[in-house]
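The values are calculated or read from the model by the stated rules, or taken from the named source; none is laboratory data. Owing to the predicted nature of the structure, the values given are computational and were not obtained by experimental measurement. Cβ coordinates were reconstructed from backbone atoms using ideal geometry, including for glycine residues, and neighbour counts include every protein chain displayed.
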């Protein structure tokens, strides 16, 4: 009998084109998503060497990082951003590639539209020139971020040169308390394993708390695998996955559906499969979480206080904590709920899906954003926006004093006009609290959509459980 | 791709952990459609003051480190975004080699695709090289990729491990797209098998 395999092993083994003696593999890539920021130099490389795109049918282009979230009727005001988006459009035309234009209702963040369109499916290998490609792992697809040279390699050859990663399983047992979301689960995981804890690994998320999540929640968890150091995260496909994919426009055709589903059901890890690293945590122990520093591992329950660098595990960490506190303008011992915010951002590939907007709207409903707070809601895609509007969520947000924007990456990385001013502090549903991430000198506290809505209303970091 | 064989040059100390790619190159520089010209933006937020002038305390604004070619730094260097601009910015400044206890995965791949050697060494060894790098004009290291050693100013050699395929590509300056295209028939064979087994992947 064959040795039991993990989900990762199964996907990997079924995509090896060739394996060299030293273990280096040529891995076939089923789907390639391309956005404007990391692709121009790759297309230029193809042009210079006279190469074509091998699988236009397996490639999908969309602009998301640079795009304004206000009036879409106007050309992009920032010249460099406009050139980058126009370059993507030209490359789509020149190489004959499917492209979702800015004016299309389906436009949005690449990691939101892939699943929405059914372009993302279980068992696939998927790459994109973006580290949050791990999001697609929620479907049981091996999805990872690559650099521009690898984008060029995949465009030209539909393969990547790689060695297999190690297997890590993170099991989240039991069920979370009220007020604890998928975002809190992944922040708790990163807090536990550290920002380099998953380096060299692919993480499979398992356990009752993961299985109970919707596809949206699973995407939030897998999305931040990279913040735990792992290039990819996975959740085994199940009935929730299959139900989500049914009828998606780029998914299997009706006459292929049964065969596809049968294949997807064969993918979960075999009984007895072994992992190089195992981590376990209990969902019931997780509280609503907030980051205090400049690394996603700098995470604490909202009931906590800013930590003292004197308690750091070593000299390197102590120096980095001191620097983080200085950058964040915080003092050790300050209660997190005493920290005022000036901006609230709800959106990004981490938390820009319909479920996220519903969770934030449930807190915002009938309340008002605190005076002096700028609060943005940026849906992850045009379709998310439309669905939210159909459900009346836009009215809830607008009534409460939030701005209701067009889809894009927006203030997650501040490449478009949505950014923090130096010293400005945000409560944000995005994925990175690095120095300058949301604008030079900006200070970011990561948390769940409901927690950001709560912070917007109180004008300071707040415990969502106080809003019942 | 430019070959990497041996390198003797100034090593600059950057004793920080978790240096992320936003710190190496902020997002506003990602609007370029070129690979070149990013050197002046390297480490922008910690290298320049708010008025745009150089921060004289930052290592790369001091002699001899303005011409450093080797960077010695802390664990998890290059974490965060997949932006290859981080490597292009390091390259643009003049760095050809970074030494650290470990690197983030995507950054690690990106560097080698641009002829940059990343060397992983145990913390104790990095600590020694960090001390060497703090010696100003004497902060001179030699990296010999063929022999897989870093030579300290006092002549002591520190061995490092490296994946044989990556080593080969760097030594020869190989373009891996061209290498892979030589395996076109194997790719075609794979595709026809996959198309028969899972036809919904082909539209």
query = Can you tell me which residue in the stretch A:203-235 is farthest from residue A:321 (Cα to Cα), limited to those that are at the interface with chain B (Cβ under 10 Å from one of its Cβ atoms) and outside any helix (DSSP H, G or I)?
reply = A:232
message = Can you find, within the stretch A:1-22, the residue that is surrounded by the most Cβ atoms within 10 Å (Cβ to Cβ) among those that are at pLDDT below 95 and closer than 26 Å to residue A:170 by Cα?
response = A:3
key: Every residue from the stretch A:423-450 that is out of contact with any strand residue (DSSP E or B) (no Cβ under 7 Å at 6 or more places or on another chain) and part of a helix (DSSP H, G or I)   = A:450
request  = Could you please give the count of residues in the stretch A:49-68 that are farther than 25 Å from residue A:79 by Cα and more than 9 Å from every other protein chain (Cβ to nearest Cβ)?
outcome  = 5
query = Among the residues of the stretch A:129-172, which ones are assigned to a strand (DSSP E or B) and closer than 18 Å to residue A:268 by Cα?
reply = A:142, A:143, A:166, A:167, A:168, A:169, A:170, A:171, A:172
request  = Report whether or not residue A:379 is in contact with a helix residue (DSSP H, G or I) (Cβ under 8 Å, 6 or more places away or on another chain), modelled with pLDDT of 95 or more, over 23 Å from residue A:337 (Cα atoms) and not in a helix (DSSP H, G or I).
outcome  = yes
task = Could you grab me the full set of residues in the stretch A:249-266 that are in contact with a helix residue (DSSP H, G or I) (Cβ under 6 Å, 6 or more places away or on another chain) and not in a helix (DSSP H, G or I)?
result = A:249, A:250, A:251, A:252
inquiry  = For the stretch A:171-198, which positions are in contact with a strand residue (DSSP E or B) (Cβ under 8 Å, 6 or more places away or on another chain) and over 26 Å from residue A:129 (Cβ atoms)?
reply    = A:171, A:172, A:173, A:174, A:184, A:185, A:188, A:191, A:192
inquiry  = Which residue is surrounded by the most Cβ atoms within 10 Å (Cβ to Cβ), if the candidates are limited to the stretch B:6-27 and must be assigned to a helix (DSSP H, G or I) and facing chain A (nearest Cβ under 7 Å)?
reply    = B:27
note = Exactly one of A:142, A:102 is modelled with pLDDT under 95, crowded, with 17+ Cβ neighbours inside 10 Å and either out of contact with any helix residue (DSSP H, G or I) (no Cβ under 6 Å at 6 or more places or on another chain) or over 22 Å from residue A:40 (Cα atoms) (or both), and that one is A:102
message = Within the stretch A:339-369, take every residue that is under 22 Å from residue A:441 (Cβ atoms) and part of a loop (DSSP other than H, G, I, E, B) and give me the one that is farthest from the chain's Cα centre (by Cα).
response = A:339
query = Is it the case that some residue within the stretch B:67-83 is in a helix (DSSP H, G or I) and touching a residue at least 60 places away in the same chain (Cβ under 8 Å)?
reply = no
ask   = Would you call residue A:126 farther than 22 Å from residue B:34 by Cβ, within 16 Å of the chain's Cα centre (by Cα), touching a residue at least 40 places away in the same chain (Cβ under 8 Å) and in a helix (DSSP H, G or I)?
value = no
key: Residue list for the stretch B:159-197, filter: more than 8 Å from every other protein chain (Cβ to nearest Cβ), assigned to a loop (DSSP other than H, G, I, E, B), at negative phi and surrounded by 12 or more Cβ atoms within 10 Å (Cβ to Cβ)   = B:160, B:162, B:174, B:175
Filter result (assigned to a helix (DSSP H, G or I) and modelled with pLDDT of 95 or more) within the stretch B:123-143 = B:123, B:124, B:125, B:126, B:127, B:128, B:129, B:130, B:131, B:132, B:133
ask   = Checking residue B:37 against (1) within 24 Å of residue A:317 (Cα to Cα); (2) assigned to a loop (DSSP other than H, G, I, E, B); (3) more than 10 Å from chain A (Cβ to nearest Cβ); (4) touching a residue at least 40 places away in the same chain (Cβ under 8 Å), which single condition isn't satisfied?
value = (1)
query = When you scan the stretch A:28-48, how many residues do you find that are more than 8 Å from every other protein chain (Cβ to nearest Cβ) and under 21 Å from residue A:137 (Cβ atoms)?
reply = 6
note = Being within 14 Å of chain B (Cβ to nearest Cβ), closer than 29 Å to residue A:270 by Cβ and more than 27 Å from the chain's Cα centre (by Cα) narrows A:20, A:13 down to just A:20
inquiry  = It is to be established whether one or more residues within the stretch A:73-92 are away from chain B (no Cβ under 11 Å), modelled with pLDDT of 95 or more and over 22 Å from the mean Cα position of the chain (by Cα).
reply    = yes
